[in-house]
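Everything on this sheet refers to the single structure shown next.
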Amino acid sequence: MPASTQWTANRVLLLIGRLCLAIVFLAAAYGKLRPLNATPWTLHSLEVTPSSLNLSMTFFAMQLDSYRMLPAWAVSPFAHTLPWVELAVGLLLLFGFALRYVCIAATLLLTIFYGAVIHSYAMHLAINCGCFGPNEKLDAWTLVRDGLFFALGIAVTIGAFLMHKRNRAAVSSSPRAELSAR
């Protein structure tokens, strides 16, 4: 296979992996931010945050607390911040902005999530995962799924760095770069 065809194939694989990770993070954020069945999205007169959003995030905080990994004072701030971080990471992955750094952040988040799931599963906690919203049991499938997400995160991060290195090498060896160096 010619080098240019291989390079194109690698770019396509990186794009597919990046888009898959973006979908994972956007779906996770949506699962935590979407209004619960009984509460419609409504804005109160001067409130910026919908009451249903507060309820959804409070419910996520209860799920997060069931993991027994954070001190009580940190649960609510973490639960109210994490969905927005997931949303930002998902959007940045979707648009490919600062890809290497966003991939590192995504992989670090996936590492934390996977570690929490493994820890809770090993402790035989009968809890809801909370990964993509309420009513999601923590079971063996959750371990497999999150393990695949973690592996995808590592692969996309490595691919982003290799692609960046390849792009820099291609730019520095181009005839235009040689002319500007003279």
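Computed over the alpha carbons of region 47-121, Rg followed by Dmax gives 14.1, 39 Å. Extension gain, L108 to A74: 0.36 nm times the residue separation minus the Cα-Cα distance gives 10.3 nm. Highest mean first, the peptides 72-80, 88-96 sorted by other C-beta atoms within 10 Å per residue fall in the order 88-96, 72-80. Of the residues T5, T58, T157, T142, the one with the fewest other Cβ atoms within 10 Å heads the list, and the complete ranking is T5, T58, T142, T157.
Here the gap between T58 and R11, fully extended at 0.36 nm per residue and compared with their Cα-Cα distance, gives a gain of 12.9 nm. Net charge in the neighbourhood of G17 (other residues with Cβ under 15 Å of its Cβ; Lys, Arg +1, Asp, Glu -1) is +3.
Each reported figure results from applying straightforward, stated rules to the coordinates on display, with no laboratory input. Predicted model only: the values in this text are computed from it and were never measured. So basically every Cβ, Gly included, is an ideal-geometry build from the backbone, and we count neighbours across all protein chains shown.
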